[in-house]
Amino acid sequence: MALGRCRFFGACFIGILFFHGFCACDRAPYYSFILNATSAPTISYYDYIIVGGGTAGCPLAATLSQNASVLLLERGGSPYGNPNITNLSKFGAALSDPSPTSPSQRFISEDGVINARARVLGGGSCLNAGFYTRASLEYIRAAGWDGRLANKSYHWVERRVAFEPQMGPWQSAVRDGLLEAGVLPNNGFTYDHIKGTKVGGTIFDREGNRHTAADLLEDANPGGLTVLLHATVYKILFATKGPKPVAHGVIYRDASGAKHRAYLKRGLKNEIIVSSGALGSPQLLMLSGVGPAQQLRAHNITVVLDQPMVGQLMSDNPMNAIFVPSPLPVEVSLIQVVGITQYGSYIEAASGENFGGSPQRDYGMFSPKIGQLSTVPPKQRTPEALAKAIELMNNLDQQAFQGGFILEKIMGPISTGHLELRTRHPEDNPSVTFNYFKEPQDLQRCVEGISTIEKVIDSRPFSKFKFDYMSVPQLLNMTANAPVNLLPKHYNSSQSLEDFCKDTVMTIWHYHGGCQVGSVVDHDYKVMGVDALRVIDGSTFNLSPGTNPQATVMMLGR
């Protein structure tokens with residue numbers, strides 16, 4: 001009987017773990033300076049050209065526009081008014097949309113882990129679970145940032161996009177379970193990164209509307225900023241006759257394919273700033289001739305600067321989760337509670353039927369149409385296989401979709417990989433390898449994190465949200481049997497937490513590196529070896545800040 005029920009819930013588990021994201025508040029302001037790139041002149045001139053209107057690019061553009069002319073180029077569209085970009089109650093819409101116009105561009109790392117990169121104004125803040133938390137004081141000191149200026153910049157961001165979440169019974173049970181499991185002290189609600197258990201901020205307001213980095217453009221000077229959407233930058237232009245190359249312009253194409261050029265005006269402080277994210281920034285540097293010379297020549301790219309560290313030291317915080325079916329209805333909640341452990345693992349949680357189902361029985365990320373069936377090789381993705389999967393879903397009891405996830409991600413991580421070009425087209429995904437758990441310390445942190453989750457599941461405060469007949473090993477095996485990645489599986493992952501971590505590793509979309517401080521850029525984020533070029537985004541991070549990087553990326557842009 002119990003085994004049959006476990007199989008029932010296991011069958012329901014296909015694809016449900018990929019839940020973290022979509023975007024934006026529908027009641028958005030209209031900005032007169034946001035235009036479609038098709039309306040742009042063939043040639044234009046600005047004090048600053050920012051490539052990438054994401055989590056760093058938007059606050060950066062708003063800030064620079066106060067005293068300069070700024071062009072912000074974004075390859076995606078607007079988060080405002082898009083029917084596929086909605087509020088918390090429809091969470092998951094963008095990540096389950098693989099179409100060319102989706103704000104989420106899917107990619108699969110060479111490790112076999114399914115991932116996504118942003119393609120929308122507001123960037124990753126449109127695709128995440130909304131958790132808002134600052135970096136630790138130790139992180140800020142290690143990065144060499146002015147602590148007072150960082151604090152002031154966090155406050156500037158928080159005026160627009162950060163809120164205290166409304167705690168429901170399920171999240172409260174996770175919080176109390178963490179405390180019983182020994183993740184102490186209870187730090188209450190705070191944006192600060194403090195060891196123990198806390199309730200963090202969220203970029204969802206009380207009406208369930210998402211507020212993204214794009215909202216920070218409300219503080220821009222309309223006379224100083226031009227934002228062009230559907231503007232894909234193909235390369236940065238360099239003058240190479242002086243003692244070292246000087247960036248002086250970019251070539252971009254609009255949605256119709258028409259080519260445009262934007263140049264820097266004459267001025268000692270004028271710069272091109274790349275804020276295209278941990279994949280896009282190293283990719284664009286390489287496409288522009290700044291990168292490992294041998295790789296560039298293999299793609300017939302003229303070498304402007306042989307910089308072998310571009311695309312190196314790539315990392316992604318591995319995430320591992322356990323799905324816990326609940327005998328009681330649970331609230332729809334994204335990440336609210338976090339346990340910041342002493343050993344370097346962060347415990348978080350999310351819940352609600354909308355991760356698996358909907359009144360229309362379309363199943364969101366659970367959908368065989370657009371969800372995890374996409375991980376099946378194309379030759380096996382037959383109409384018959386699709387029809388069988390849809391029939392299975394339609395025959396399931398809605399209770400199967402009731403429950404939530406308790407997940408852990410490790411700080412750091414220590415393991416690193418690399419990024420390489422596949423093609424010369426900027427819209428094509430590069431090849432990226434993260435080498436999850438290559439370093440034993442990362443794997444040990446995962447094991448300790450899963451062990452803590454087990455204690456939370458078996459805790460007294462969480463007991464009412466767990467079926468008595470479902471043991472933690474059964475929950476582990478149910479999770480391990482779901483096709484959450486493309487990796488080969490061990491026979492019985494619950495017998496070894498090391499195997500469970502390796503078998504069920506996923507992304508939490510906190511990948512970083514590729515243009516790190518000290519390797520590619522200096523401590524002022526200037527690209528070493530060239531002039532008038534900086535990189536400002538998560539590609540410069542040596543480690544991912546806090547339990548979620550978005551607050552710190554927005555702060556850095558400011």
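Values quoted throughout were computed directly from the atomic coordinates according to the rules given, and no laboratory measurement underlies them. In this text the structure is predicted, and so the values were computed from the model without any measurement. All Cβ positions, even for glycine, are placed from backbone atoms using ideal geometry, and neighbour counts span all protein chains on display.
Summary of values
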item	result
For segment 40-184, size of Cβ-based charge dipole, Lys and Arg +1, Asp and Glu -1, in debye	280
Pairs from LYS241/LYS269; LYS198/LYS526; LYS235/LYS438 whose Cα-Cα separation, in the structure shown, is over 25 Å	LYS198/LYS526; LYS235/LYS438
Cα-based shape type of segment 181-337, given that a ≥ b ≥ c are square roots of the gyration tensor eigenvalues and the cut on a/c is 1.5	prolate
Inter-part distance where segment 296-333 and segment 435-458 are each reduced to a Cα centre, Å	19
Efficiency of FRET between ILE251 and GLU138 - r from beta-carbon atoms, R0 35 angstrom, step 0.05	0.25
Distance between modelled label sites at MET167 and GLU207, nm, 7 Å Cα→Cβ extension	2.6
Burial ranking of peptide ranges 496-508, 48-60, 236-248, 408-420 (average Cβ count within 10 Å, highest at the top)	48-60, 408-420, 496-508, 236-248
Segment 210-330 - percent relative contact order, Cα under 8 Å, separation 6 or more	16
Inter-label distance for GLU180 and SER44, nm, one decimal - labels placed 7 Å from Cα along Cα-to-Cβ	5.8
Highest-first arrangement of 517-527, 101-111, where packing means the average Cβ count within 10 Å	101-111, 517-527
Förster radius 45 Å - calculated FRET efficiency between SER32 and ASP428 (Cβ-Cβ, nearest 0.05)	0.85
Cα-based shape type of segment 240-331, given that a ≥ b ≥ c are square roots of the gyration tensor eigenvalues and the cut on a/c is 1.5	prolate
Cα gyration tensor shape of segment 62-205, rounded if a/c is under 1.5, else prolate or oblate by comparing a/b with b/c	oblate
Two-site FRET efficiency, GLU439 against ALA293, from Cβ-Cβ distance with R₀ of 35 Å, rounded to 0.05	0.75
